[in-house]
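The structure under discussion appears below in the form of structure tokens.
The values are calculated or read from the model by the stated rules, or taken from the named source; none is laboratory data. Bear in mind that the values here come from a model prediction, so they are computed numbers and not experimental data. All Cβ positions, even for glycine, are placed from backbone atoms using ideal geometry, and neighbour counts span all protein chains on display.
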């Protein structure tokens, strides 16, 4: 807030907007930030990490203006501290079981993860990293968690799970469908998992007008188009609220 | 102490001991050649051995990851022999050993330098071969310093974080150490557990450093 006032006071300086966002949004948000900076007199600073890490930072007073979490649980951590001024469900995504492109283990479904050829499976740390929480939820519901638990390598974020797969040090990883867009020599083993529903809530945390404007921009058709191009389903677009259609897509 | 904390503490002490055992023999050899040897590349060796002290530990971890990853030059052959390093306890030991090595070398080197070279010369003139001189004169005379260095390396291994998390990850029950447990507990909001683990690590480190200081003091 102090920085914002400083920006407005000088008149010539663009106001700073601190955005803390789930690391899976990296590429989409970089593009959206650039587009917003062209349109509004703001400078967007992105703090990208696992949502549980960001929630911790925000609760400890890191001073973010906007927070986009990869699950509701981490947004609730921030909400419980009374730090949220406005909250919307912004995006949806899906989990996918990924393997290296040159993988020789044939995986037709999640049950095949029990094959001996799959020795290690990277997922976000299910103790907090949303992608890992979703993955554990899915495996538990499929009745596979106990059988697979000894193969699980928990990572600090979903992108760390992807990196472990890229380097070949694990045989499979459970990441978001959208992560495959940036991955090298990695493919989905089979179609994305229909559940659990991966939901990204977004929240406005500060009272500054430029932060509110950026928060609005996140829900604009222009931003929704960018999110969609990166593979996300947009559920909170101002113009066309069509969550069911997007979910089906 | 919860069973989980006990397991992490026991695992950390065990891997730190293994790392010390792995680091001490090469450390003694390096310390000896640095103390007594005059050869080209000596300054380079001295610098390289000290690097893990000052390079960010995650950078050391990254280097180890490149070398020992399943696709790395050493990791590929180790993996085909069934010896996976990355995301296993072996990775923990390796990271700890590399990070502890410089401390063992520096302490042991000082101890070797304090050994009066005349004893070694006398032994040599009486016909003892260099290896015999080393094991019956130099090493026993420098023993306290070497052990102090080993204890210091052990203490460093106990607290290793950056290189460990890069190469071994942070897998509960398999590669999680005291240091990475503190990190996990904090990141997932379990502050009281983090504090308990921190207390245990401080206690262990205190004991190790106290022992090292005692030994080093007695050596002087």
**Message:** Quick check on residue A:112: is it more than 24 Å from residue A:52 (Cα to Cα) and surrounded by fewer than 24 Cβ atoms within 10 Å (Cβ to Cβ)?
**Reply:** yes
**Asked** Would you say residue A:119 is within 14 Å of another protein chain (Cβ to nearest Cβ), surrounded by fewer than 18 Cβ atoms within 10 Å (Cβ to Cβ) and either part of a strand (DSSP E or B) or touching a residue at least 40 places away in the same chain (Cβ under 8 Å) (or both)?
**Response** yes
**Asked** Regarding residue B:147, is this residue surrounded by fewer than 23 Cβ atoms within 10 Å (Cβ to Cβ) and out of contact with any strand residue (DSSP E or B) (no Cβ under 7 Å at 6 or more places or on another chain)?
**Response** yes
**Asked** So residue A:168 clears everything in (1) part of a helix (DSSP H, G or I); (2) within 11 Å of chain B (Cβ to nearest Cβ) except one condition, right? Which one?
**Response** (1)
**Prompt:** Which of the residues belonging to region A:125-155 are in a loop (DSSP other than H, G, I, E, B), at the interface with another protein chain (Cβ under 10 Å from one of its Cβ atoms) and surrounded by fewer than 24 Cβ atoms within 10 Å (Cβ to Cβ)?
**Reply:** A:126, A:127
**Request:** Report whether or not residue B:168 is within 11 Å of chain A (Cβ to nearest Cβ), closer than 21 Å to residue A:170 by Cβ and either surrounded by 19 or more Cβ atoms within 10 Å (Cβ to Cβ) or more than 14 Å from the chain's Cα centre (by Cα) (or both).
**Result:** yes
**Item:** Flag if residue A:68 is closer than 29 Å to residue A:16 by Cα and buried (at least 21 other Cβ atoms within 10 Å of the Cβ)
**Value:** yes
**Message:** When you check residue A:201 against the structure, is it within 13 Å of chain B (Cβ to nearest Cβ), at pLDDT 95 or above and under 26 Å from residue A:223 (Cα atoms), yes or no?
**Reply:** no
**Asked** Just checking, how many residues over region B:40-59 are outside any helix (DSSP H, G or I) and either farther than 17 Å from residue B:97 by Cα or within 14 Å of chain A (Cβ to nearest Cβ) (or both)?
**Response** 2
**Prompt:** Does residue A:42 qualify as being surrounded by 15 or more Cβ atoms within 10 Å (Cβ to Cβ) and either over 24 Å from residue A:179 (Cα atoms) or at pLDDT below 95 (or both)?
**Reply:** yes
**Complete:** Quick count over region A:165-177, residues being under 26 Å from residue A:91 (Cβ atoms) and surrounded by fewer than 24 Cβ atoms within 10 Å (Cβ to Cβ), is 2
**Request:** Look through region B:180-199, keep the residues that are without any contact (Cβ under 8 Å) to a residue 60 or more places away in the chain, under 21 Å from residue A:49 (Cβ atoms) and more than 9 Å from chain A (Cβ to nearest Cβ), and return whichever of them is farthest from the chain's Cα centre (by Cα).
**Result:** B:191
**Check on residue B:197, farther than 26 Å from residue B:29 by Cα and surrounded by 20 or more Cβ atoms within 10 Å (Cβ to Cβ)** = yes
**Prompt:** Somewhere in region B:90-113, is a residue touching a helix residue (DSSP H, G or I) at 6+ places or on another chain (Cβ under 9 Å), within 14 Å of chain A (Cβ to nearest Cβ) and surrounded by fewer than 19 Cβ atoms within 10 Å (Cβ to Cβ)?
**Reply:** no
**Message:** Which of the numbered conditions does residue B:215 fail, given that it passes all the others? Conditions: (1) surrounded by fewer than 23 Cβ atoms within 10 Å (Cβ to Cβ); (2) modelled with pLDDT of 95 or more.
**Reply:** (2)
**Prompt:** Which ones in region A:19-32 are in contact with a helix residue (DSSP H, G or I) (Cβ under 9 Å, 6 or more places away or on another chain) and over 14 Å from residue A:202 (Cβ atoms)?
**Reply:** A:23, A:26, A:27, A:31
**Item:** Considering residues of region A:71-91 that are assigned to a loop (DSSP other than H, G, I, E, B) and within 14 Å of chain B (Cβ to nearest Cβ) only, the residue surrounded by the most Cβ atoms within 10 Å (Cβ to Cβ)
**Value:** A:71
**Item:** Complete set of residues in region B:60-85 that are outside any loop (DSSP other than H, G, I, E, B) and touching a residue at least 12 places away in the same chain (Cβ under 8 Å)
**Value:** B:60, B:61, B:62, B:64, B:65, B:68
**Prompt:** If you go through region A:171-192 one residue at a time, how many are within 21 Å of residue A:70 (Cβ to Cβ) and either over 22 Å from the mean Cα position of the chain (by Cα) or not in a loop (DSSP other than H, G, I, E, B) (or both)?
**Reply:** 12
